1. How many of the residues in region 142-177 are open to solvent by less than 80 Å² (accessible area, probe 1.4 Å) and under 17 Å from residue 18 (Cβ atoms)?
2. Name every residue in region 48-102 that is among the small types (Gly, Ala, Ser) and touching a helix residue (DSSP H, G or I) at 6+ places or on another chain (Cβ under 7 Å), in order of residue number.
3. Could you list, in sequence order, the residues of region 84-139 that are assigned to a loop (DSSP other than H, G, I, E, B) and either small (Gly, Ala, Ser) or open to solvent by less than 20 Å² (accessible area, probe 1.4 Å) (or both)?
4. Against the definition (among the aliphatic types (A, V, I, L, M) and open to solvent by 20 Å² or more (accessible area, probe 1.4 Å)), how does residue 28 come out, yes or no?
5. Of the residues 80, 38, which is at pLDDT below 95, part of a helix (DSSP H, G or I) and either open to solvent by 60 Å² or more (accessible area, probe 1.4 Å) or not charged (D, E, K, R) (or both)?
6. Which condition number does residue 67 fail, the rest of (1) open to solvent by less than 60 Å² (accessible area, probe 1.4 Å); (2) acidic (Asp, Glu); (3) without any contact (Cβ under 8 Å) to a residue 12 or more places away in the chain being met?
7. For the subset of region 130-159 comprising residues that are among the hydrophobic types (A, V, I, L, M, F, W, C) and touching a Phe, Trp or Tyr at 6+ places or on another chain (Cβ under 9 Å), which member is farthest from residue 83 (Cα to Cα)?
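The values are calculated or read from the model by the stated rules, or taken from the named source; none is laboratory data. Please read these numbers as outputs of a predicted model, since none were measured by experiment. A quick note on method: Cβ atoms are made from the backbone with ideal geometry, for glycine too, and the neighbour counts reach across all protein chains shown. All accessible areas refer to the heavy atoms of the entire protein, side chains included, with ligands and DNA or RNA removed. Shrake-Rupley method; radii C 1.70, N 1.55, O 1.52, S 1.80 Å.
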Amino acid sequence: MATAHSGDSPQFTERKLLLCLHDLAGYARLAHHMPDREIAEFLNDYYALNVAAIKEAGGLVLKYMGDAVLSVFEPEHASEAVARMAQLARDVVQLGEKRGAHIQSGCNMHVEQVVVGEFGPEGERRHDAIGKGMNHVHLMGRGPGLRISEPVYRSLPNDARAAWDKVKPPAVYHFKG
């Protein structure tokens with residue numbers, strides 16, 4: 001998914017992608033009660049769980065943002081990505097239990113056209129995605145749970161749709177499992 005750039009001007013490409021924002025629900029409480037070194041070790045383990053799940057579903061990690069991981073997938077991988085994020089939520093609970101902490105994950109997933117490329121000044125560029133879809137995925141909800149937008153829901157096979165409740169407005173589906 002990398003985009004090449006030449007000279008001093010970065011090149012940007014518009015692409016439809018499945019955007020995924022995964023973070024820890026209860027992180028502030030956890031961080032308040034745990035020494036910084038333990039938090040760093042916990043986050044490192046949390047990032048490793050995310051990378052494995054994201055790569056297994058054919059995705060790419062764009063960046064780590066404190067207790068959040070932003071990733072992208074090709075839209076045709078939506079079903080696998082949703083399944084892996086549901087499993088990741090269970091894995092995060094287990095990770096917390098191993099460290100004696102009650103922690104859950106929150107995950108928002110949305111498909112939309114975004115601009116991808118290498119952003120930043122020469123020598124400091126980072127691969128990223130920009131656009132209204134990125135704003136949408138951040139605004140879909142907070143707290144524990146897996147939330148998918150209408151375009152993601154519609155891309156799921158019919159037999160996978162029964163596990164979701166529609167919430168209005170806007171239409172966001174919450175996983176019942």
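1. 18
2. 53, 57, 58, 59, 71, 78, 79, 101
3. If the condition is that a residue be assigned to a loop (DSSP other than H, G, I, E, B) and either small (Gly, Ala, Ser) or open to solvent by less than 20 Å² (accessible area, probe 1.4 Å) (or both), then 100, 101, 103, 120, 123, 131 are the ones that fit.
4. yes
5. Numbers: 80 fails: at pLDDT below 95.
When all the criteria are applied, what remains is 38.
6. (3)
7. Looking only at region 130-159, we keep the residues that are among the hydrophobic types (A, V, I, L, M, F, W, C), and these are 130, 134, 137, 139-140, 146, 148, 152, 156.
Going one step further and asking which of them are touching a Phe, Trp or Tyr at 6+ places or on another chain (Cβ under 9 Å), we end up with 130, 146, 148, 152, 156.
Details: 130: 25, 146: 10, 148: 12, 152: 12, 156: 10 Å.
Restricting to residues being among the hydrophobic types (A, V, I, L, M, F, W, C) and touching a Phe, Trp or Tyr at 6+ places or on another chain (Cβ under 9 Å), the top hit is 130.
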